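Report on one structure; see the data block that follows.
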Amino acid sequence: MVTLGTAVARRFELPVTVFALDGFEGAVRVDVATSTVRDVAGTAARRFRPEHRLAPTAETTDALFLLEALDPLTDDDLRLAGDDILDALRAVNPDVEVAQRILRTE
């Protein structure tokens, strides 16, 4: 998953971070304004760089891909990058379940 995130980051020239969801305690909260990810245990990532407990491993089956659209990238660019990730995941497992959301600081 990390390799996939890195490939998409390079192709679209945007930061991509991959988190192992099973490392989170409770609900995941993303604060775009402060570039942090939190769970009930506290801050899980600053500048969207995960703590060790959230790093994906070979056994990770549930993941969060966080893509940052920095200027001049658009929502359409983000969707295309997300589609690349989805296509790669579906090539491995056609039954993969995905939810996508665009978050804004406004």
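The values are calculated or read from the model by the stated rules, or taken from the named source; none is laboratory data. Values in this document were obtained by computation on a predicted structure and should not be read as measured data. Methodologically, a virtual Cβ is constructed for each residue, glycine included, from the backbone with ideal geometry; neighbour enumeration extends over all protein chains shown.
Quick notes on this one:
- Residue check, residue 3 part of a strand (DSSP E or B), surrounded by fewer than 17 Cβ atoms within 10 Å (Cβ to Cβ) and free of Cβ contacts under 8 Å to residues at least 40 places away in the same chain: no
- When residues in segment 12-50 are screened for being assigned to a loop (DSSP other than H, G, I, E, B) and closer than 22 Å to residue 85 by Cβ, 9 of them pass.
- Answer residue from segment 60-104, given it is acidic (Asp, Glu) and modelled with pLDDT under 90 and is farthest from residue 31 (Cα to Cα) among those: 71
- Single match in 63, 45 (criterion: surrounded by 14 or more Cβ atoms within 10 Å (Cβ to Cβ), touching a residue at least 12 places away in the same chain (Cβ under 8 Å) and in contact with a Pro (Cβ under 8 Å, 6 or more places away or on another chain)): 63
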